[in-house]
1. Which pairs have Cβ atoms under 6 Å, sit 6 or more apart or on different chains, and link a residue in region 188-200 that is within 14 Å of residue 294 (Cα to Cα) to one that is of a type in the set (Val, Ile, Thr) and part of a helix (DSSP H, G or I)?
2. Output yes when any residue across region 72-88 is in contact (Cβ under 8 Å) with a residue 12 or more places away in the chain, open to solvent by less than 20 Å² (accessible area, probe 1.4 Å) and more than 30 Å from residue 275 (Cα to Cα), and no when none is.
3. Considering (1) among the small types (Gly, Ala, Ser); (2) assigned by TED's automatic domain parsing to the domain that holds residue 254; (3) within 16 Å of ligand 1 (Cβ to nearest atom), say which one residue 212 fails and leave the rest.
4. Identify all residues within region 87-98 that are within 21 Å of the chain's Cα centre (by Cα) and within 14 Å of residue 65 (Cα to Cα); write none if there are none.
5. Within region 225-240, identify whether any single residue is over 25 Å from residue 179 (Cβ atoms) and modelled with pLDDT of 95 or more, and answer yes or no.
6. When region 237-257 is examined, which residues are found to be within 17 Å of residue 184 (Cβ to Cβ) and away from ligand 2 (no atom under 11 Å from the Cβ)?
7. Taking region 202-236 as the search range and keeping residues that are of a type in the set (Asp, Glu) and touching a helix residue (DSSP H, G or I) at 6+ places or on another chain (Cβ under 9 Å), which one is farthest from ligand 2 (Cβ to nearest atom)?
8. Out of region 116-161, which residues are more than 24 Å from residue 58 (Cβ to Cβ) and modelled with pLDDT under 90?
Amino acid sequence: MSWHVLGAGSLGCLWAARLARTGTPVQLILRNPARLAAYQRAGGLTLVEQNQARHYVVPGQLADDASPIQRLLLACKAYDAESAIASIAPRLAPGAELILLQNGLGSQEAVAAQLPQARCLFASSTEGAFRDGAAPEGEWRVVFAGHGHTWLGDPHHETLPSWLGDLERGGIPHQWSPDILSRLWRKLALNCAINPLTVLYDCRNGGLREHATEVATLCIELGQLLQSCGQPGAAVDLHADVQQVIQATAANYSSMHQDVAQGRRTEIAYLLGYACATALRQRLILPHLVALHQRLQHYLDARGLPSH
Ligand code: NAD
Ligand code: KPL
């Protein structure tokens, strides 16, 4: 049974290469004929792990290919998820299974609502990968930035999918998570407490040690939000965890900081935007979180980047 990977970016290529290396059939779905032609000229993907580059010949195709799709990894950004899925929806076989690998919350529900006939699994990943823009074939050369883990789960069914063995064989570190929503909420809260402030103060994660009171206040409000939307487990020790992540990643720039620095669209709508919209629906007043959202929106507007 073949896998399809929709979104041939950093994580999509990382997954495709690891599935392909154990002989699991996998196909990459490219955005348009020009990108498919460029990919075919490059002759496949290159994955760099521990300074070792290996090439993988993973076939590419377009969204309107005729072959049915049974297993799909959706590996685009949250803001592209709905339109990407719409482009392949007619190809989904009965009982198709999808892994939605987007950061934040909101896009997964929107995709699942579009596909009532398919099984949508949600994923939360701490793996890191980036495209090596410096190389001539940089688009398709992905550097695995280090160790991490991916949690997978289905908010509606506890049954384990039959293909977890493909991930095992490919060396994709993963765990089935019966409470995947709690994991996604916790990651969202961490990202909301750290990423926007690193953008606004233009600092590495470690720079937030100089804004400890602001971080602590945000953690209190994020904890209230998690409690009020039925995720008390995700609120436990949130502030301590945020402080620990700031310490452990002190020398790094957050993913949102990197996006803004490179003039790329951020996933604000699926992080702070989702948090503030949920608070509003719950009639929960979180003044610091709302003010942070507004400050970040103004900051992005001023730089001509989408803020919604
Ligand atoms: P990316 O920008 O590197 O790749 C996304 C790819 O999807 C791009 O190549 C884009 O062209 C493609 N795409 C978008 N719309 C498409 C469409 N309609 N048809 C075909 N292709 C389409 O993104 P990424 O860094 O791999 O991140 C994917 C998701 O994983 C994001 O939500 C991100 O926050 C999350 N994530 C990334 C990392 C990381 O280290 N890169 C780590 C954890 C989580
Ligand atoms: O996930 C992160 C990111 O940069 O997106 C961390 C390192 C946890 C900071 O929020």
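1. These pairs meet every condition: 199/260.
2. no
3. Result: residue 212 passes all but (3).
4. Selection gives 87, 88, 89.
5. For region 225-240, residues over 25 Å from residue 179 (Cβ atoms) and modelled with pLDDT of 95 or more: absent.
6. 238
7. 221
8. 158, the sole residue that qualifies.
The values are calculated or read from the model by the stated rules, or taken from the named source; none is laboratory data. Quick caveat, the model's predicted, so the values are computed rather than measured. Here the Cβ is made from the backbone with ideal geometry for all residues, glycine too, and neighbour counts use every protein chain on show. Quick note on the areas: whole protein, heavy atoms, side chains included, nothing else; ligands and nucleic acids left out. Shrake-Rupley method; radii C 1.70, N 1.55, O 1.52, S 1.80 Å.
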